[in-house]
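The values are calculated or read from the model by the stated rules, or taken from the named source; none is laboratory data. Bear in mind that the values here come from a model prediction, so they are computed numbers and not experimental data. Ideal geometry is used to build each Cβ from the backbone, glycine not excepted, and the neighbour counts take in all protein chains shown. The accessibility values were calculated without ligands, DNA or RNA, using every heavy atom of the protein model including side chains. Shrake-Rupley method; radii C 1.70, N 1.55, O 1.52, S 1.80 Å.
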Amino acid sequence: MKSIASAPAKIILFGEHFVVHGTKAILAAIDKRVTVTTTFTENKTIKINSELGTIEVPISSSHEEVKNEFRPFVYLANKIINSDQNVSGLEITIDSDIPIGVGLGSSSACCVAAVASICGLFKELSSEEILKMSIEAEKTIFPDTSGADCTVCTYGGMIEYEQFTGTKKIDNTFDLNLLIANSMIPHNTKNSVEKVNKFKENDEERFSQLCDLETKLIDEVITAMKNNDATTFGLKMSENQKYLEEIQVSNDTLRGMISSLKEISLGTKITGAGDGGCIIALVKDENMDKVPALLPKDKECFSAKIDTKGVVWSTIEE
Ligand code: PMV
């Protein structure tokens, strides 16, 4: 039997970093996916194939013994193997069209799809169970995760996320024409989050003001969406960018890209941890084809549609 699951990439529209400290964030799943396929083997090993390489380790191996990028898979495989003595080995294959390490939720989407795929060999899980286990798996590489990324990759669509109080689906979204531009600078979420923790330690008062400003901004965004007001939505993106600049997760490359798109967009900001990775811009339809000429040649860009499916899975008898 083969168990196949896929989960979407994500963007953070508003509230990255502040969400780790308890404020709200708005996220959307987008139309790029990772697919994870799992099969039983007789080899007494966990084998993982991905574009980052292949590893094969004895089933008794701990996730801590393997490289970071393979940890969630070994963790999940172990959990399943330990709960079912009849399983002698697993082979897990990851195929992704999500760029890695640039803030589009590649690792969260992998964790969500891996839970659905590996567990799908044994039983049907609810979305809530998939989410819970995928956050556990993601914590093997990033213990401080707010859980926001796994949540939107699981449910799809657009969500309002708050770490300690939960998730609200946002239904009445207008048709967002979002451009994603990749700075091609890989980033490290853990390092950026630690940098923001230091900022907070050094100036608790300002950080707390910024959290309040972010909360207010997100409430205004929700109202703008209800009113179908793309202009305000865009302005709030640029305002959010100012807060991200202040907590120092931007750099010259990102600022340069943001300023290149100023003339043709309603709003532009970093998405995700920053210090590299991607920016997002709300661009009017008629301006979409002007984008490539405005950005440096070495940057990748594409337009994104909101994914409404979230995680999907199925099994095939062989
Ligand atoms: O890993 P990224 O770039 O998608 O960023 C994660 C967003 C943060 O708010 C910085 C961290 C988190 O866990 O929410």
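Quick one: go through region 1-29 and flag any residue whose amide nitrogen is under 20 Å from the point 7 Å out along the Cα-to-Cβ line of Glu56. The answer is 1-3, whose backbone nitrogens lie closer than 20 Å to the label point. Apolar share of the accessible surface for region 204-318: 50 percent from carbon plus sulfur atoms, 1.4 Å probe.
Working from Cα pairs under 8 Å separated by at least six residues, relative contact order for region 231-318 is 25 percent. Taking a straight Cα-Cα cut-off under 13 Å and skipping sequence neighbours fewer than 8 places away in the same chain, the aspartates and glutamates within cross-link reach of Lys47 are Glu56, Glu91.
The listed residues Ile59, Ile170, once ranked by accessible area (1.4 Å probe) with the largest placed first, stand as Ile59, Ile170. For Lys200, the aspartates and glutamates whose Cα comes closer than 13 Å to its Cα, not counting residues fewer than 8 places off in the same chain, are Glu246. As a length-normalised measure over Cα pairs under 8 Å and 6 or more apart, the relative contact order of region 24-116 settles at 41 percent.
Could you state the number of Å between the C-alpha centres of region 242-256 and region 72-110? Here the two parts' Cα centres lie 33 Å apart.
The HN-Hα couplings worked out from phi for region 36-42 by the Karplus form 6.51 cos²θ - 1.76 cosθ + 1.60 (θ = phi - 60°) are 10, 10, 10, 10, 6, 10, 9 Hz, whole numbers, x standing for Gly and Pro. For region 1-111, the dipole from Cβ point charges (+1 on Lys and Arg, -1 on Asp and Glu) about the Cα centre works out to 260 debye, to the nearest 20.
Among the listed pairs Lys79/Lys169; Lys32/Lys79; Lys10/Lys168, which are separated by more than 24 Å between their Cα atoms?
Too far apart for the 24 Å limit: Lys79/Lys169; Lys32/Lys79.
Could you state the accessible area per residue of region 166-318 in Å², with a 1.4 Å probe and every protein chain left in place?
Numbers: 7950 Å² over 153 residues.
Per-residue accessible area for region 166-318 comes out at 52 Å².
Straight Cα distances below 17 angstrom link Lys284 to the lysines Lys236, Lys262, Lys269, Lys305, with same-chain residues fewer than 8 positions distant left out.
Quick one: net charge of Lys269's neighbours, Cβ under 10 Å, K/R +1, D/E -1? So the surrounding residues net to -1.
Could you put His187, His17 in order of accessible surface area, largest first, with the 1.4 Å probe and the full protein assembly present? Can you show the working numbers first?
Values: His187 30, His17 10 Å².
Ranked list, largest accessible area first: His187, His17.
What longest region of the chain stays clear of trypsin sites (Lys or Arg not before Pro) that DSSP places outside H, G, I, E and B and that have at most 14 other Cβ atoms within 10 Å? Answer - 124-283. Computed from Cα atoms, the angle from the helix 230-246 axis to the main principal axis of the chain rounds to 80 degrees. Projecting the Cα atoms of Leu131, Ser192, Val283 onto the charge dipole of the chain, computed from C-beta unit charges around the Cα centre, puts Val283 farthest toward the positive end.
Would you mind working out the magnitude of the charge dipole of the chain relative to its Cα centre, with +1 at each Lys and Arg C-beta and -1 at each Asp and Glu C-beta, to the nearest 20 Debye? List each step's numbers first, then the result.
On the way: 33 positive and 47 negative charges, 33 e Å.
Once rounded to the nearest 20, the dipole reads 160 debye.
Against the chain, whose longest principal axis is taken from its Cα atoms, helix 71-83 shows a tilt of about 40°.
The spacing between region 128-148 and region 1-67, judged by their C-alpha centroids, is 10 Å. Based on Cα contacts under 8 Å between residues 6+ apart, the chain shows a relative contact order of 27 percent.
What value, in deg cm²/dmol to 500, does the helix sum -39500 (n - 2.57) over DSSP H runs of n ≥ 4 give at 222 nm once divided by the residues of the chain? Walk me through the numbers before you get to the answer.
Working: 9 runs with 115 residues, N = 318.
Calculated mean residue ellipticity at 222 nm is -11500 deg cm²/dmol.
Compute the angle between helix 204-226 and the longest alpha-carbon principal axis of the chain, please, reported from 0 to 90 degrees and rounded to the nearest 10. Between helix and principal axis, roughly 90 degrees.
The longest part of the chain holding none of the exposed loop chymotrypsin sites (Phe, Trp or Tyr not before Pro), meaning those outside H, G, I, E and B in DSSP with at most 15 other Cβ atoms within 10 Å, is 175-318.
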